[in-house]
Amino acid sequence: MSAVYVHEKAGKDVPEAGSEAEPFATAAYALFTKGDDIKILTYKETEEEKGYVDITQSALKKAKKGAEGLKKKAEKAAKQPEPAAKKATDAPDIKFTEDKSLPEAKSIKLGKIAENIDQRVTVRGWIHRLRVQKGLIFLTLRDGTGFLQVVFTGDLAKAKQSQELTIESTLMVKGTINKLPEGKTAPGGVELKADYYEVVALAPSGDDAFTNKVAEGADPSYLLDMRHLTLRGDQLSAVMKVRAALLRAVRKFYYEESLTEVTPPCMVQTQVEGGSTLFKMDYYGEEAYLTQSSQLYLETCLPALGDVYCVQESFRAEKSHTRRHLSEYTHIEAELAFISFEDLLSHLEKLLTKVVQYTLEDPVAGPLIKELNPNFKAPQMPFKRMEYIDALDWLNEHGIPNEDGEKFKFGDDIAEAAERKMTDTIGEPILLTRFPVEIKSFYMPKCKDDPRVTESVDVLMPNVGEITGGSMRTWDLDQLLAAFKREGLDTEAYYWFLDLRKYGSCPHGGYGLGTERILAWLCDRFTVRDCSLYPRFTGRCKP
Ligand code: 4AD
C-alpha cells in the first residue's frame with residue numbers, strides 16, 4: 001500500500017501529485033486518481049501537533065463519497081458526445097448581423113419577462129444550461145432575477161461561434177418572447193426566439209469547463225474553495241435570495257415597531273459573551289477584539305434614539321466544529337427600553353412570526369422556501385414556553401443525558417445535542433427561559449422570585465435548536481458592579497457601559513438572532529455554512 005500525501009492548503013489536485021513534496025489538495029481526488037489501495041496521510045496543524053497523520057475514518061468515508069462523485073462525473077463526461085468545441089471546427093464560420101428592420105428591442109431583466117410577452121427584447125446573462133444540436137440550440141439564460149429559455153435556429157444555431165458556446169459564458173441576446181404551447185415546459189412557461197446575439201465573454205471548455213471545476217458531490221472542502229463558483233448553483237443562490245428577503249422582512253418589522261437602525265463598531269475593547277471566544281487583535285499597539293455582540297453598544301443608544309436594532313457581523317473564535325457554529329455570522333440584535341421580561345417574550349414571538357410571514361409572502365423568497373423546504377410550517381403564536389428547570393425534568397424523563405453521560409442536574413449547560421433532541425421531539429418553537437446565573441452572561445439580572453436563575457430566554461426551533469438568545473439587563477449600578485466582580489471582569493474598559501446605569505437608567509432588555517441559523521431552519525439546510533455567503537469557521541478564511 002503506497003503512502004499518498006494530502007495537504008488541504010498547499011496541495012494540488014492534479015494527476016501527478018501525491019508525494020510529500022507535491023501533495024494532493026483533497027483525499028477525494030487522491031482516491032479518485034490512485035484507487036482505494038493507498039494509505040492516505042493528511043496534513044494537520046494544531047497547537048499540539050504539526051505534520052502528516054493517518055486520515056480519520058470519518059474523513060476517509062467522506063473522501064470515498066467525494067471520489068465516487070468525481071468518478072461519476074468522469075464517466076458522464078466520457079459518455080457525452082464529442083465536445084461542442086471539437087465538432088465546431090467543422091461548423092460554418094457564419095457572421096450574423098442584426099436585422100435593423102425589426103422593431104426596436106427593449107432592454108429588460110429576466111425577472112420582467114412575464115410583462116413582455118410577444119415583445120422584442122434585449123436580455124443579458126450567463127448560460128446556465130446548454131443543449132447544442134445541429135440545427136437548434138436551447139439554452140437557459142440566468143441573470144440573478146430569473147431564468148429564460150432561449151432558442152437559436154437557422155444560421156444562429158449553425159454558426160461555429162454558437163456551436164462553440166459553453167456553460168457560464170455571458171451573452172447579449174435579442175429576440176421575441178413567446179408563450180410556450182401546452183405540454184412544453186420552460187421557466188415561466190415562455191421562451192425567447194432569438195434573432196440576434198453577441199457573446200460578451202466565452203467561458204472555457206474541455207478540462208477547464210465550469211462543470212468540471214465544480215462537480216456535484218466533490219469533496220466539501222474543495223467545493224468551499226470554489227465557493228465563488230458554487231454560489232451560482234440553484235440551491236446556494238436560492239438560499240442567498242431567501243437571506244436577502246429575510247433581512248428585508250426584519251427591517252420591515254422593526255420599522256413597523258418604531259425601532260431605529262444603528263451600525264455599531266466591529267473593533268472593540270470589551271467582551272460580551274465570555275473571553276474564551278474572543279478574536280484578539282493588535283490595534284495600533286493596544287489590545288482590541290472583533291465584536292462578539294453589539295449589545296452593549298445598542299444599550300448606549302436607548303437614551304439617545306429609543307428602541308434600536310442592528311444587523312452586524314459578530315465574531316466568535318469557536319473551538320466547536322459543529323454544524324451551527326461559524327467564526328463570523330450576521331447578528332440581528334435589538335434593544336428595547338422600559339420593558340418587562342414578559343414584554344420581551346411577547347416581542348420575540350411577534351418578531352419571529354411576522355418576519356417568517358413577510359419572508360413567505362415575498363414573491364421571490366416564498367416559492368424558493370417551498371422548493372427548499374416543502375414541509376416548512378410557519379410558527380404560530382403563542383409559542384410553547386418552558387423553564388430551564390422543567391427542561392431538565394423533560395430531558396431526564398426522556399433518557400437524554402448531559403455532556404458527562406449522566407442525568408441532568410441544576411446548573412448543567414444543555415448542550416447542542418441534547419437541546420436539539422428535545423426541540424426536535426417537541427417539534428415546535430420553544431421559548432426556553434430562566435437559565436441559572438452560572439451558565440449565563442454577567443449582564444443578566446436574577447429573577448426576583450428565584451435568585452438562582454436569570455431573566456433570560458433562548459428561542460429553540462426544530463432541526464436547528466437555538467436561533468435566538470436574549471435577556472433583560474441588570475440596570476442597577478450596584479448589582480451590575482457585583483456581577484462584574486463575580487465574573488472577574490475589569491470595570492475600567494466598561495466605564496461607558498457603567499455610565500448608562502448612572503445617567504437615566506431604566507429597565508430594558510434585548511436579544512440577538514443568528515441570521516444563518518434562522519435560514520438553516522427556514523430553508524432546511526444541514527449546516528449554517530450553507531446559509532453564509534463565504535462561511536468562516538475553524539481553519540477556513542478563504543476565498
Ligand atoms: O446567545 P448569544 O451568544 O447572545 C448574545 O450574543 C447576546 N449578547 C445577544 C443580545 O442579547 N443582543 O448569541 C445570540 C445568537 C444565538 O442565539 C445564535 O443564533 C447566534 O447568535 N450565534 C451564532 N450563530 C452562528 N455561529 C456562532 N458561533 C454563533 N454564536 C451565536
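The values are calculated or read from the model by the stated rules, or taken from the named source; none is laboratory data. Predicted model, so just to flag it, every value in this text is computed and none were measured. Here the Cβ positions follow ideal geometry from the backbone for every residue, glycine too, while neighbour counts run over all protein chains shown.
Worth a mention:
- Residue 216 fulfils the conditions (1) in a helix (DSSP H, G or I); (2) in contact with a helix residue (DSSP H, G or I) (Cβ under 7 Å, 6 or more places away or on another chain); (3) outside the structural domain of residue 350 (by the TED database) except for a single criterion, (1).
- All told, residue 500 falls short of being within 35 Å of the chain's Cα centre (by Cα), within 16 Å of the ligand (Cβ to nearest atom) and not hydroxyl-bearing (Ser, Thr, Tyr).
- In the set (1) among the hydroxyl-bearing types (Ser, Thr, Tyr); (2) without any contact (Cβ under 8 Å) to a residue 12 or more places away in the chain; (3) within 15 Å of the ligand (Cβ to nearest atom), the condition left unmet by residue 346 is number (3).
- Note on region 1-59: enclosed strands (runs of 3 or more DSSP E) holding 1 or more residues that are closer than 13 Å to residue 221 by Cβ are 2-6, 38-45.
- Contact map, region 295-317: residues that are among the basic types (Lys, Arg) paired with residues that are surrounded by fewer than 22 Cβ atoms within 10 Å (Cβ to Cβ) and outside any helix (DSSP H, G or I), Cβ distance under 7 Å, separation 6+ or inter-chain. Pairs shown: 316/327.
- Pick from region 509-543, criterion within 9 Å of the ligand (Cβ to nearest atom) and outside any helix (DSSP H, G or I), ranking: modelled with the lowest pLDDT: 537
- Residue in region 252-268 that is free of Cβ contacts under 8 Å to residues at least 12 places away in the same chain and either part of a strand (DSSP E or B) or within 16 Å of the ligand (Cβ to nearest atom) (or both) present: no
- Tally of residues being near the ligand (Cβ under 8 Å from one of its atoms) and within 10 Å of residue 264 (Cβ to Cβ) across region 297-327: 1
- Pairs meeting the criteria (first residue in region 106-126 and within 20 Å of residue 168 (Cα to Cα), second residue buried (at least 17 other Cβ atoms within 10 Å of the Cβ) and basic (Lys, Arg), beta carbons under 6 Å, at least 6 apart or on different chains) are 122/174; 125/142; 126/142.
- Answer residue from region 303-348, given it is part of a strand (DSSP E or B) and within 14 Å of the chain's Cα centre (by Cα) and is nearest to residue 456 (Cα to Cα) among those: 331
- Count of region 172-194 residues which are outside any loop (DSSP other than H, G, I, E, B) and either more than 12 Å from residue 110 (Cβ to Cβ) or not aliphatic (A, V, I, L, M) (or both): 12
- Residue check, residue 43 among the aromatic types (Phe, Trp, Tyr), assigned by the TED database to the domain that holds residue 11, surrounded by 11 or more Cβ atoms within 10 Å (Cβ to Cβ) and modelled with pLDDT of 85 or more: yes
- Selection count, region 443-487, where residues are within 12 Å of the ligand (Cβ to nearest atom) and farther than 20 Å from residue 339 by Cα: 6
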